[in-house]
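Report on the following structure.
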Amino acid sequence: MAYESGISEDDERAILDAIEKWLEKDVRPHVMDMEHADEYPHAMVEQMKEFGLFGATISPDYGGLGLSAKTYSRIVTKIAETWMSLSGIFNSHLMMAMIVEKFGTDFQKEYWLPKFVSGEVRGGLALTEADAGTDLQAIRTRADRDGDDYVINGTKTWISNGIEGGAVALMVKTDSDIEPRYKGISMLIAPKVDPETGAPHEGFQTGKKLEKLGYKGIDSAELIFDNYRLDAKRHLIGGEEGKGFFMAVGGLELGRINIAARSVGIARRALNESVRYAQERKTFGKPIAQHQAIQLKLGEMGARTRAAELLTEDAARAYDAGERCDMEAGMAKYFASEAAVANALEAMRIHGGYGYSKEYPIERLYREAPLMCIGEGTNEMQRIIIAKQLVERNKV
Ligand SMILES: Cc1cc2nc3c(=O)[nH]c(=O)nc-3n(C[C@H](O)[C@H](O)[C@H](O)COP(=O)(O)OP(=O)(O)OC[C@H]3O[C@@H](n4cnc5c(N)ncnc54)[C@H](O)[C@@H]3O)c2cc1C
């Protein structure tokens, strides 16, 4: 059977097998140390470039693998099961690429996408500001037209790949007065270095690396734009002002499927570690897996993991079929991220004191999981989106 992207099940299996071998040989032995040192995985990024992961969902027309959301989300789950931070390095990058591929001019697609595929230019999405997260229309970063150029001023925060990456899809206000506010929002591709000349853009400054509870290794940073100048032809995505809000929102479905896939990875790892540990650890003369209190936990964790997986596959299938899937992606993201949080906590209880130890992976899962409830639209917003769609699709 061929998926919509033309990848057969055999090809998908071959990709997943190759990734599994890489994780086993080059990733698992280093995760604990790199996580606790909060060290950026440079060598792994080079290996991800060789796999073509930076072009995973980009069309073969531009040199990418053109994978379906279904295959892509299985890759993301596998990687997140090992170290969720790694998936963030290419996921945010592919969100930026998707905006260029979906909305960019032909010139921009031909210019930027091959550079994204090779990993020559890597990056992410720069939407959030100190006073604008969920309410993205409240952003204040401005891009003022000056001849053929834009002059950009403002500060973004929490930007994944902000330090190690070379570019971001940057959400700006091109009209601060217009109502409704979304009409004044545009999207730019913002590189740190001019790819033509290799000269750094002076006005693009990287702030400090932000300290976080989890999601270690990958950099999250403030980005400061101070009279940063870009020409409109190469950088205003789609060549038209006022479309940036829809570009960001249009990318969120794939973004939510990807967070759901990461969450399934965390939930599954917590489950697998617990099933194994419960058979090894003995109290009162028998493995704790034989105590009913532990069995109840394992039963719930298993059912939650499978349900999260199926919701994620369902959303990916709808996305690949080109169907409207905001509700499906919202359900998958909401349910899977809550499953990750619940499983990580239950895994900690099952592991007792060892769950709290930095020598076991459980405390990392416990720190990683809550981010899944926040990123790509908080879970409060997901439930509101789901409810609105339920009413919309079932009007009386
Ligand atoms: C590790 C990390 C990495 C990140 N990476 C990126 C990145 O790469 N790029 C990027 O642009 N951003 C990134 N973010 C930012 C992230 O997208 C925002 O934190 C998120 O959108 C929430 O915004 P906020 O933090 O401003 O919370 P707020 O919007 O202030 O929300 C606070 C609370 O109020 C609730 N709330 C808000 N409005 C409503 C409403 N209308 N109805 C009901 N409840 C509501 C929220 O659900 C939440 O519970 C990252 C954040 C973190 C922590």
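Touching a Ser or Thr at 6+ places or on another chain (Cβ under 6 Å) and away from the ligand (no atom under 16 Å from the Cβ) - does that describe any residue in the range 59-66? Yes: the range 59-66 contains one or more residues that are touching a Ser or Thr at 6+ places or on another chain (Cβ under 6 Å) and away from the ligand (no atom under 16 Å from the Cβ). Scan the range 232-263 for residues that are more than 13 Å from the chain's Cα centre (by Cα), of a type outside the set (Phe, Trp, Tyr) and closer than 26 Å to Met331 by Cα and jot them down. Selection gives Gly244, Met247, Ala248, Val249, Gly250.
Just one of the listed residues (Leu236, Leu230, Leu223) is in contact with a Ser or Thr (Cβ under 7 Å, 6 or more places away or on another chain), more than 16 Å from the ligand (Cβ to nearest atom) and not assigned by TED's automatic domain parsing to the domain that holds Ala43, and it is Leu236. Would you confirm whether or not the range 350-369 contains a residue that is within 12 Å of the ligand (Cβ to nearest atom) and assigned to a helix (DSSP H, G or I)? There is at least one residue in the range 350-369 that is within 12 Å of the ligand (Cβ to nearest atom) and assigned to a helix (DSSP H, G or I).
For the range 260-317, a residue qualifies if it is of a type outside the set (Gly, Ala, Ser) and outside any helix (DSSP H, G or I), and the qualifying residues are Arg281, Lys282, Thr283, Phe284, Lys286, Pro287, His291.
Each residue in the range 370-396 was checked for being assigned to a helix (DSSP H, G or I) and exposed (fewer than 13 other Cβ atoms within 10 Å of the Cβ), and 6 pass.
Quick one: would you say Glu392 is free of Cβ contacts under 8 Å to residues at least 24 places away in the same chain and under 22 Å from the mean Cα position of the chain (by Cα)? No. Number of residues in the range 115-155 that are more than 16 Å from the ligand (Cβ to nearest atom), surrounded by fewer than 22 Cβ atoms within 10 Å (Cβ to Cβ), in contact (Cβ under 8 Å) with a residue 40 or more places away in the chain and not in a loop (DSSP other than H, G, I, E, B): the value is 7. Residue count for the range 70-114, restricted to those that are of a type in the set (Gly, Ala, Ser), part of a helix (DSSP H, G or I) and more than 15 Å from Ala126 (Cα to Cα): 4. Report, by residue number, each residue of the range 140-167 that is under 15 Å from Ser186 (Cβ atoms) and under 21 Å from the mean Cα position of the chain (by Cα). The one that is under 15 Å from Ser186 (Cβ atoms) and under 21 Å from the mean Cα position of the chain (by Cα): Lys156. When the residues of the range 179-220 are filtered to those that are more than 16 Å from the ligand (Cβ to nearest atom) and within 17 Å of Tyr111 (Cα to Cα), the one that is surrounded by the most Cβ atoms within 10 Å (Cβ to Cβ) is Pro191. Residues of the range 156-178 that are part of a strand (DSSP E or B) and away from the ligand (no atom under 12 Å from the Cβ): Ala167, Val172, Lys173.
The values are calculated or read from the model by the stated rules, or taken from the named source; none is laboratory data. Being a predicted model, the structure only gives us computed values, none of them experimental. Note that we place each Cβ from the backbone using ideal geometry, even for glycine, and neighbour counts take in every protein chain shown.
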